[in-house]
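Heads up: the structure comes next, in C-alpha cells.
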Amino acid sequence: DLTLDLAAVRQDFPILEREVHGKPLIYLDNAATSQTPTAVIESLSDYYRRYNANIHRGLHTLADEATAAYEGARARIQTHLNAFEPREIVFTRGTTEAINLVANSWGRANLQPGDEVLVSLMEHHSNIVPWQLLAQALGIVVRVIPVDERGVLDLAAYRDLLGERTRLVCVNHVSNALGTVNPVAEMARDAHAHGALILVDGAQALPHQRVDVQALDVDFYAFSGHKVYGPMGIGALYARASLLEAMPPWQGGGEMISRVSFDRGTEFAAIPHRFEAGTPAVPEAIALGAALDWIDGVGIERLAAWEQWLLAHATQKLEGIDGLRIIGTAPDKASVISFVVDGAHAQDIGLLIDQLGVAIRTGHHCAQPLLQHFGVEATCRASLAVYNTPEEVDAFVEALQRVLGMLR
Ligand code: PMP
C-alpha cells in the first residue's frame, strides 16, 4: 500500500506553517534545499544539549558518546546506500567536496597527461569544474557526453567516446536542471568494460528513489545531506573499500593520521578517517542519519509514488499555459520541472511569484553548458518534495498565470 499520510508528513515540517509576504509559503525549491523535519532539528539540538564533544579523542564520556553517534551515522548511511561496509562511507561537506576529493586524491594519483575523463553535458558545475581544474594541472582531457533535445543522454555517443584512454566517467544520477534520471547501472557496465571507473553525482537521486550502490555497481557515489531532509554542511562519498584503500589523502591535519614525525614522516590513518582531516561536522552527520530514518519512516517507495503523481499533475497543468515550454521531457524523470515562457523573463517570474508566497528557482541552476544546449540562459524550476500537495501545485499554477498576466 503506497498511500501517503500527507497531513502527518506536513506536520513534521514546522517551516511549512510560515507565511511569505502575507501569503502561505508554497515551497517548490526542493532541488536546491529540502526542508527539515522536526526529528532532524531535534537531533541537532539534542547533540548540543547533551553530548557536544570532539570525537575520536576519547577518554571521556561525552567524547565517547559523540564518537559512537558519529560512527553510527556512518553505518546508517552505509545501510541506506547498501554499501558493503561502513568504512566505504567518507563524510564530506556535501556533493561538491566529495567530487573534489575524488579529483584530488584518486585523480592526481591515477591520471596521466592525455588520459580522458568523460563528463556529461547535463552535469552540475560541481561535476565539471573539478575536472577542468585537473585538466589544467595534469594535462588530462575532458570529453563531453552529449544530450538530445529531450534532455536524455546520447548513449550511442557515450559508447563511441569510451576508448583506450578513458579512465573515468562522471555523470549525475538525476539532473538538477531537468529532472532526467540517467541509466547509471548501464553506463557503469559500459565504463567497466573499457577499464574505466564511474563517479555518480547522486545529489538529486537520493531524495527521490532507492539507491543501491552494489546493484548499480558504481565506483564513486556522492550526495548532500541538505537535499535529503538533512542539515547543510554534511554529505558523503561512497567508494568501494579496495578503491579507497589505494587512494592517498587529499587534505592533511588532525584525525587523519596514525603517527606524525618530522624524522620518519607521517603514517596515515586507515580509511575512511584518512579522508576526514580536522574536526568534522559531527552533529550534522548524526542528524543526517536522523534524516534517513525519517525517509525510511515514510517509506521511499511511498514517497517516490507521491512525487511521481505530483509531477504528472504539475506537468499537465503547466502544459495548459500558453507559450510555456518545459525544458527536459525525458520519459524517466524525478519531480523537477524546468520551463521557460514566451514573452516573460525567468528572473521576473521568480521575483513576482515570490510576492505571492511561491518559492521557485530561476537562473542557470549551476548547469550553464546544459542551458546553452537548449538555447536559453535561464529557466524557472519548480521542484517537488514529498510534503507538497496538489492544492499547492494548483495555487502555484494560478499564481504563475497571474504573474504572466502582469508581464505579457
Ligand atoms: N550536483 C547536483 C546534481 C546538485 O543538484 C547539486 C546542488 N544543487 C550539487 C551537485 C552540489 O551540491 P552541494 O552544493 O550540496 O555540494
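The values are calculated or read from the model by the stated rules, or taken from the named source; none is laboratory data. Here the structure is a predicted model, which means the values were calculated and not measured. Heads up, the Cβs are rebuilt from the backbone with ideal geometry, glycines too, and the neighbour counts pull from every protein chain shown. Quick note on the areas: whole protein, heavy atoms, side chains included, nothing else; ligands and nucleic acids left out. Shrake-Rupley method; radii C 1.70, N 1.55, O 1.52, S 1.80 Å.
Figures for the structure shown
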| read-out | value |
| --- | --- |
| When residues of the range 83-115 are limited to those that are within 25 Å of residue 181 (Cβ to Cβ) and away from the ligand (no atom under 16 Å from the Cβ), the one surrounded by the fewest Cβ atoms within 10 Å (Cβ to Cβ) | 84 |
| Within the range 313-332, tally of residues that are open to solvent by 70 Å² or more (accessible area, probe 1.4 Å), out of contact with any helix residue (DSSP H, G or I) (no Cβ under 7 Å at 6 or more places or on another chain) and under 15 Å from residue 400 (Cβ atoms) | 4 |
| Test: residue 381 is basic (Lys, Arg) and modelled with pLDDT under 95 | no |
| Residue list for the range 333-386, restricted to those being within 16 Å of the ligand (Cβ to nearest atom), among the charged types (D, E, K, R) and open to solvent by 50 Å² or more (accessible area, probe 1.4 Å) | 361 |
| Residue within the range 234-253 that is more than 21 Å from residue 88 (Cβ to Cβ), among the hydrophobic types (A, V, I, L, M, F, W, C), under 16 Å from the mean Cα position of the chain (by Cα) and surrounded by 15 or more Cβ atoms within 10 Å (Cβ to Cβ) present | no |
| Test result for residue 400, closer than 30 Å to residue 294 by Cβ and in contact (Cβ under 8 Å) with a residue 24 or more places away in the chain | no |
| Residues satisfying the stated conditions in the range 9-57, i.e. over 27 Å from residue 358 (Cβ atoms) and not in a helix (DSSP H, G or I) | 52, 53, 54, 55, 56, 57 |
| Near pairs, Cβ below 7 angstrom, 6+ apart or cross-chain, from the range 252-275 (touching a residue at least 12 places away in the same chain (Cβ under 8 Å) and on the phi > 0 side of the Ramachandran plot) to any residue that is open to solvent by less than 40 Å² (accessible area, probe 1.4 Å) and assigned to a strand (DSSP E or B) | none |
| In the range 118-127, residue nearest to residue 195 (Cα to Cα) [restricted to those that are open to solvent by less than 10 Å² (accessible area, probe 1.4 Å) and aliphatic (A, V, I, L, M)] | 118 |
| Residue count, the range 241-268 (criterion: in contact with a helix residue (DSSP H, G or I) (Cβ under 9 Å, 6 or more places away or on another chain) and either in a loop (DSSP other than H, G, I, E, B) or under 28 Å from residue 45 (Cα atoms) (or both)) | 8 |
| Inter-residue pairs, beta-carbon under 9 Å, first among the polar types (S, T, N, Q) and in the range 215-243, second near the ligand (Cβ under 10 Å from one of its atoms) and part of a strand (DSSP E or B), 6+ apart | 224/92; 224/235 |
| Considering residues of the range 6-40 that are without any contact (Cβ under 8 Å) to a residue 40 or more places away in the chain and among the aliphatic types (A, V, I, L, M) only, the residue surrounded by the fewest Cβ atoms within 10 Å (Cβ to Cβ) | 7 |
